[in-house]
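Step one of this worksheet: look at the structure below.
The values are calculated or read from the model by the stated rules, or taken from the named source; none is laboratory data. Everything quoted here is computed from the prediction, not taken from an experiment. When we count neighbours, we look across all protein chains shown, and the Cβ atoms used for this are built from the backbone with ideal geometry, even at glycine.
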Amino acid sequence: MIAEIRSGAVVGIDGYGVSVEIDIARGLPTFTIVGMPDAAVRESRERVSAALRNNGFRIPGSRITVNLAPADIRKEGSSFDLPIAVGILHASGQAKFPLSDNVLLTGELALDGRLKPVRGVLPVICYAKEMGYRAVVIPEGNGVEASVAGGIDIIPCADMLEAIDYLAGRAIARPLDLPPAVKPEIDGIDFSQVTGHQSAIRALQVAAAGGHHTMMVGPPGSGKTMLARRFATVLPPLDGDETLEVAKILSVTGRLSPKVPYSRRPFRAPHHSASDAGLVGGGRHASPGEITLAHGGVLFLDELTEFRRNVLETLRQPLEEGSIVIARANAVCRYPARFQLLAAMNPCPCGFRGSPLRSCSCTPTAIKRYLSKISGPLLDRISIHIPVKAVEPERFESNDEARSSSDLILGEVMRAVVMQKNRYDGHGDYRRNADLPLYALDSYCPMQDDARHLLDRAQRTLRFSARSRRNIIQVSRTIADLEEAEMICSAHVAEAVQYRVPPDLL
Ligand SMILES: [Zn+2]
């Protein structure tokens, strides 16, 4: 007797179909799972046996073979428990229900038959939706992520019996019981709390509006980290496609919950002691790293020079391609990693080079060695360099300074976002000015003559690379967009060129 149950699994952040075939044949009692199962899948035998027994069923005293097809992809985790249990009940005739090939089942079984949430349900649901399945049976604990997908019937079940009742047509789908979502709140921080730093805040606004990679350079205690944290308050919301991608990443890493507002751009700040695997992903389970968790949002690297050079070098490929390929024994998977880099560093080992408050005690060789930790190719990808100067103590006393609130800054950022959306929607896979490829610059970045002359002159004098020139044009585009200007004028280019000066020239 054979039963075939539809299920799904995940590679990277994409779901794919797995067919769970159960054969019960005469012979000595055995229970075998084939089709490249990992240890957690093999342990499914124990969980399924206990769950069946504890719900009044029996394990057929014959030869049970479970095949997970396709056989050439390694199967991981515990999400096949439910389809295996349901398949055994059907194949042994202990439960009567029609086998449906347009319902997909996924879920881990507790020993008493309750369904426990599993990772990666959202990509599986998205797969089911794409393939035209009618419904997906999931553990009710995965309800939040199921609600992100939409457009397909979701059957949240508390336990195995509920799932069988649904398949047998004895129960109808009950609505998802969702806990109230947590309102995105960023710890009460706001740019209006910042004294001084108006030019740095302006540069951060440009960075937020166009998604440009940015670096802040300044002495210790000048406010780089404080500014970086507030950068999160002026990031535009994710659009529909981005929201789904971010939610899928949270789903496969088991982080999607009502406490994590997945509609907000992620802001990740890994410590400088982070390993290669921690930063870009990898390890035994080829888990996604910080750069994938930052996809669609910001990767903040504070104390950039403290990161090991080889760790920083691993960022080059994802910065270029917007994704990272992780290889391991049996599979290669690609994770999305289109993040905006925000870095902060001191200008020299002692930190006070160029500071009016204290003099720098570093030798030119020490400074050179210090700056050489950041490789040229990495530096070349940073479009906005922001000098952050310490604020004089007296400025904190006076209250008459004009300050911009995060709301006000975000409002202007949104104008630039709308300009970009109108320009790029339906034209290639770029969404923001920072993603514009070289070949698209001419069509999307029309410049007035004097603006182009200024750019040519700056390139000759400051000897910019071709990539820098492209970055300057992208940033000029964003500055023009903030003013809702179609043409880039010389003032836009001048501001963009000013952001381009790298730290050794400060
Ligand atoms: Zn120094």
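Any residue at all in segment 442-460 that is assigned to a helix (DSSP H, G or I) and within 24 Å of the chain's Cα centre (by Cα)?
Within segment 442-460, none of the residues are assigned to a helix (DSSP H, G or I) and within 24 Å of the chain's Cα centre (by Cα).
Any residue at all in segment 100-107 that's assigned to a helix (DSSP H, G or I), modelled with pLDDT of 95 or more, of a type outside the set (D, E, K, R) and under 18 Å from residue 157 (Cβ atoms)?
No, the conditions are met nowhere in segment 100-107.
Among the numbered criteria (1) at pLDDT 85 or above; (2) within 16 Å of the ligand (Cβ to nearest atom); (3) small (Gly, Ala, Ser), which single criterion is violated by residue 406?
Status for residue 406: all satisfied but (2).
Which residue is surrounded by the fewest Cβ atoms within 10 Å (Cβ to Cβ), if the candidates are limited to segment 418-434 and must be out of contact with any Lys or Arg (no Cβ under 8 Å at 6 or more places or on another chain) and assigned to a helix (DSSP H, G or I)?
Filtering first and then ranking leaves 422.
Yes or no, residue by residue, for (1) at pLDDT 90 or above; (2) of a type in the set (A, V, I, L, M, F, W, C); (3) surrounded by fewer than 23 Cβ atoms within 10 Å (Cβ to Cβ):
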position	(1), (2), (3)
67	yes, no, yes
111	yes, yes, yes
123	yes, no, no
129	yes, no, yes
144	no, yes, no
165	yes, no, yes
175	no, no, yes
179	no, no, yes
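Spot the failing condition for residue 390; the list is (1) surrounded by 15 or more Cβ atoms within 10 Å (Cβ to Cβ); (2) farther than 22 Å from residue 468 by Cβ; (3) within 12 Å of the ligand (Cβ to nearest atom), and only one is missed.
If we test residue 390 against (1) surrounded by 15 or more Cβ atoms within 10 Å (Cβ to Cβ); (2) farther than 22 Å from residue 468 by Cβ; (3) within 12 Å of the ligand (Cβ to nearest atom), just (3) comes out false.
Residue 305 passes all but one of (1) farther than 18 Å from residue 378 by Cβ; (2) out of contact with any Gly (no Cβ under 7 Å at 6 or more places or on another chain); (3) among the β-branched types (Val, Ile, Thr); which number fails?
It fails just one condition, (1).
Determine which member of the set 64, 24, 33 is over 20 Å from residue 93 (Cβ atoms), part of a strand (DSSP E or B) and touching a Lys or Arg at 6+ places or on another chain (Cβ under 9 Å).
Testing whether each residue is over 20 Å from residue 93 (Cβ atoms), part of a strand (DSSP E or B) and touching a Lys or Arg at 6+ places or on another chain (Cβ under 9 Å) leaves just 33.
What is the number of the single condition among (1) within 28 Å of residue 36 (Cβ to Cβ); (2) crowded, with 18+ Cβ neighbours inside 10 Å that residue 276 does not meet?
Against the list (1) within 28 Å of residue 36 (Cβ to Cβ); (2) crowded, with 18+ Cβ neighbours inside 10 Å, residue 276 comes up short only on (2).
Restricting the first residue to segment 303-331 and requiring it to be closer than 20 Å to residue 287 by Cβ and of a type in the set (S, T, N, Q), which pairs with a second residue that is modelled with pLDDT under 90 and in a loop (DSSP other than H, G, I, E, B) meet a Cβ separation below 7 Å and a spacing of at least six or different chains?
330/74
Conditions tested, residue by residue: (1) over 30 Å from residue 244 (Cα atoms); (2) touching a helix residue (DSSP H, G or I) at 6+ places or on another chain (Cβ under 6 Å).
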position	(1), (2)
3	yes, yes
9	no, no
32	yes, no
40	no, no
69	no, no
77	no, yes
83	no, no
97	yes, yes
107	no, yes
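Being on the phi > 0 side of the Ramachandran plot, of a type in the set (Lys, Arg) and out of contact with any Cys (no Cβ under 7 Å at 6 or more places or on another chain) narrows it down to one of 467, 463, so name that one.
The match here is 463.
With the checklist (1) crowded, with 19+ Cβ neighbours inside 10 Å; (2) more than 23 Å from the chain's Cα centre (by Cα); (3) more than 16 Å from the ligand (Cβ to nearest atom) in hand, flag the one item residue 376 doesn't pass.
Checking residue 376 against (1) crowded, with 19+ Cβ neighbours inside 10 Å; (2) more than 23 Å from the chain's Cα centre (by Cα); (3) more than 16 Å from the ligand (Cβ to nearest atom), the one that fails is (1).
Being touching a Pro at 6+ places or on another chain (Cβ under 7 Å) and either crowded, with 22+ Cβ neighbours inside 10 Å or assigned to a helix (DSSP H, G or I) (or both) is the filter here; which residues of segment 220-260 pass it?
245, 246, 248, 249, 251, 252
Among the candidates 228, 294, single out the residue that is modelled with pLDDT of 90 or more, of a type in the set (A, V, I, L, M, F, W, C), closer than 30 Å to residue 195 by Cβ and touching a helix residue (DSSP H, G or I) at 6+ places or on another chain (Cβ under 9 Å).
Being modelled with pLDDT of 90 or more, of a type in the set (A, V, I, L, M, F, W, C), closer than 30 Å to residue 195 by Cβ and touching a helix residue (DSSP H, G or I) at 6+ places or on another chain (Cβ under 9 Å) holds for just one of 228, 294, which is 228.
Given the conditions (1) outside any helix (DSSP H, G or I); (2) in contact with a Gly (Cβ under 9 Å, 6 or more places away or on another chain); (3) not acidic (Asp, Glu), and given that residue 125 satisfies all but one, which numbered condition is not satisfied?
Only one criterion is unmet by residue 125, namely (1).
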